[in-house]
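Colleague: Below is the structure I would like to discuss, written out as structure tokens.
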């Protein structure tokens, strides 16, 4: 190392790393692994399991509605931490409850609060309230998986992007990056 | 479905939401996995881990008092951990990149974003079963090799002493 960047392309940096290969640590027994692999790759199993998830939709929808109530209460007392927690629960459950638009809107609210918080700013009440109202309406709608629900989710996503672009997110590094679900 | 149930396979679900726990249990039952244990946070999960030594862990990220990241670190690094190599699938609604990277750096094997689909969960499990990853121990990290794919065109930066040489496995 003669004054060069130790991590420049083509150059080795001396870090001691021990690599432990499969087979030298406990893994699934071969017979189990083969059987499990067959079952996991069996389209019939996947179809059966997908039906199981679909059968739970009504139960999960009730759970989402309970979280919507807690979300509204958290907003009423201006507890932004609790707002995030409830929105997070909703985005986790809504997709499996057949409430895709609700999940997207809740995800947008989580994204907004997360990035704002990491930037050391306070969330705008109007942005939070707009999301809250949209989540409540979508979750209570008979058929929220309509173009209207998606349109609202799209519009709110644009609003979040606009608001986040107005704050200095450069200090938060990759805070604004999200992976695709 | 073919063959008998996986009588001796044990799976631990760590999830604070009772509905999601039930959903995951039902999905495992669809695979004929009957020995399923449940915990609502990382602290309770670690006690079950010591007693039951599961073959696979499905964990949420956000839980109190011990979240999925801290639990994963405990599994990988604690002297009390019965199997630091146990595969861990983190299933979470968090899609923020920094949280995904935290999970990876804690030592999770696979990451799955909610909503759960049978197809996505089974693909992750198949990956674990069919292509078990090498583990890496280095300063501050023990867990599955975070370099999942060998990129032939990659020119660096090189960070390991054995980079660009024949890897020595023990």
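Colleague: Restricting the search to the range B:97-128, which residues are closer than 19 Å to residue A:53 by Cβ, more than 15 Å from the chain's Cα centre (by Cα) and part of a helix (DSSP H, G or I)?
Modeller: B:118, B:119 - these are the residues of the range B:97-128 that are closer than 19 Å to residue A:53 by Cβ, more than 15 Å from the chain's Cα centre (by Cα) and part of a helix (DSSP H, G or I).
Colleague: Okay, moving on. How about the range B:6-16: which of its residues are surrounded by fewer than 21 Cβ atoms within 10 Å (Cβ to Cβ) and in a loop (DSSP other than H, G, I, E, B)? Before you say what the answer is, go through the steps one by one.
Modeller: Step one: of the range B:6-16, the residues surrounded by fewer than 21 Cβ atoms within 10 Å (Cβ to Cβ) are B:6-8, B:10, B:16.
The answer is B:16, and nothing else.
Colleague: Of all residues in the range B:129-146, count the ones that are loosely packed, with under 15 Cβ neighbours inside 10 Å, at the interface with chain A (Cβ under 10 Å from one of its Cβ atoms) and part of a loop (DSSP other than H, G, I, E, B).
Modeller: The number of residues fulfilling the criteria is 3.
Colleague: With the checklist (1) at pLDDT below 85; (2) part of a helix (DSSP H, G or I) in hand, flag the one item residue A:143 doesn't pass.
Modeller: Only one criterion is unmet by residue A:143, namely (2).
Colleague: Now a separate question. Would you confirm whether or not the range A:107-127 contains a residue that is within 20 Å of the chain's Cα centre (by Cα), more than 22 Å from residue A:154 (Cα to Cα), in a helix (DSSP H, G or I) and within 9 Å of chain B (Cβ to nearest Cβ)? Give the derivation first.
Modeller: Going through the range A:107-127, the residues within 20 Å of the chain's Cα centre (by Cα) turn out to be A:107-119, A:123, A:127.
The next check asks that each one be more than 22 Å from residue A:154 (Cα to Cα); those that pass are A:117-119.
Those still in the list that are in a helix (DSSP H, G or I) too: A:117-118.
Then drop every residue that is not within 9 Å of chain B (Cβ to nearest Cβ), which leaves A:118.
Taking every residue of the range A:107-127 in turn, at least one turns out to be within 20 Å of the chain's Cα centre (by Cα), more than 22 Å from residue A:154 (Cα to Cα), in a helix (DSSP H, G or I) and within 9 Å of chain B (Cβ to nearest Cβ).
Colleague: Any idea which of (1) modelled with pLDDT under 95; (2) out of contact with any strand residue (DSSP E or B) (no Cβ under 6 Å at 6 or more places or on another chain) is the one residue B:9 doesn't satisfy?
Modeller: Residue B:9 satisfies all of (1) modelled with pLDDT under 95; (2) out of contact with any strand residue (DSSP E or B) (no Cβ under 6 Å at 6 or more places or on another chain) except (2).
Colleague: If you don't mind, another one. Let me confirm something: among A:65, A:36, A:60, A:71, which residue is within 9 Å of chain B (Cβ to nearest Cβ), at pLDDT 95 or above, surrounded by 15 or more Cβ atoms within 10 Å (Cβ to Cβ) and not in a loop (DSSP other than H, G, I, E, B)?
Modeller: Among A:65, A:36, A:60, A:71, only A:60 is within 9 Å of chain B (Cβ to nearest Cβ), at pLDDT 95 or above, surrounded by 15 or more Cβ atoms within 10 Å (Cβ to Cβ) and not in a loop (DSSP other than H, G, I, E, B).
The values are calculated or read from the model by the stated rules, or taken from the named source; none is laboratory data. Remember, it's a predicted structure, so these values are computed and weren't measured experimentally. Don't worry about glycine lacking a Cβ; one is built from the backbone with ideal geometry, like all the others, and counts go over all protein chains shown.
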